[in-house]
1. Return a yes/no flag: does region 213-235 have any residue that is out of contact with any helix residue (DSSP H, G or I) (no Cβ under 9 Å at 6 or more places or on another chain), part of a helix (DSSP H, G or I) and more than 30 Å from residue 169 (Cβ to Cβ).
2. Considering only region 112-119, I want to know if a residue exists there that is in contact with a helix residue (DSSP H, G or I) (Cβ under 6 Å, 6 or more places away or on another chain), at pLDDT 85 or above and under 23 Å from residue 53 (Cα atoms).
3. What number of residues within region 224-261 are surrounded by 12 or more Cβ atoms within 10 Å (Cβ to Cβ) and under 14 Å from residue 141 (Cα atoms)?
4. Name the one entry in 178, 210 that is out of contact with any helix residue (DSSP H, G or I) (no Cβ under 8 Å at 6 or more places or on another chain) and not assigned by TED's automatic domain parsing to the domain that holds residue 275.
5. Look at region 136-163 and say how many of its residues are without any contact (Cβ under 8 Å) to a residue 60 or more places away in the chain and either more than 30 Å from residue 262 (Cα to Cα) or touching a helix residue (DSSP H, G or I) at 6+ places or on another chain (Cβ under 6 Å) (or both).
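The values are calculated or read from the model by the stated rules, or taken from the named source; none is laboratory data. On a predicted model such as this, the values are computed, not experimentally measured, just so you know. Every residue, glycine as well, gets a Cβ built from its backbone with ideal geometry; the counts of neighbours run over all protein chains shown.
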């Protein structure tokens, strides 16, 4: 008999046509969230024609990480899930370095094994925690809504999060109901990590003294922000292709100045992202958007082409486009 979580996952993944994929790769941490996701997909296999595979990354951040990996591997063997276990030869000291390593491994797996989609076990509780973490960092509205059901990871490869509809309490109930062997991660109680302090102190404090339904209301706020960001993204794409130069990598500055400042910034970010795959700071973006900026050249720091020449942004009365400075080669 399928539980309410099974039924909600079916409803969610069907609406996004996820089950059309025949090979699904699941990123497993070994915690209760990932065990819940594997259990649900295994139970849905008799009803849908797809195969699931698992990948686990051992960062060696905990003393018991090898034991946790061994338990997860035994469970995957019991469930008959083909899996890949990756251990980094040295301890990864920061989250950025470990994320880059994981993405490189995932890219290798996707190309080598021809997987069509990746699933992670993020929940609504993770959404709220990431929202407050990015908010306190002063991130953009786009970053505040980055943890959504579906994101494009690589070309024609999407990452899906089918458990975003439920919170950590729902996952805990599911694991107890089906007697899943959950491994407790003691590093979640290390308050040196900001996200742990948000989870264990900040959110409970706000629930106790400000709003008991803070998680639900935050998710509603994120939904509104997401739809607003989607609209601005589509508008920016339209004007980017409308105002770009037909022959060179450039944008019409006169037409761009007629747009709202928020759309101008997004169009310029698209210009840099699509041509150089970089992002620049807000100060330079404001210089490019300023109508009073005279003819000038803006140096893009730490950005060189494959020919080892400095790349500049040239601004005149009509256009903003790229230049190459070969004198520093």
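1. Yes, because at least one residue in region 213-235 is out of contact with any helix residue (DSSP H, G or I) (no Cβ under 9 Å at 6 or more places or on another chain), part of a helix (DSSP H, G or I) and more than 30 Å from residue 169 (Cβ to Cβ).
2. no
3. 7
4. Details: 178 fails: out of contact with any helix residue (DSSP H, G or I) (no Cβ under 8 Å at 6 or more places or on another chain).
Exactly one residue qualifies, and that residue is 210.
5. Looking only at that region, the number is 3.
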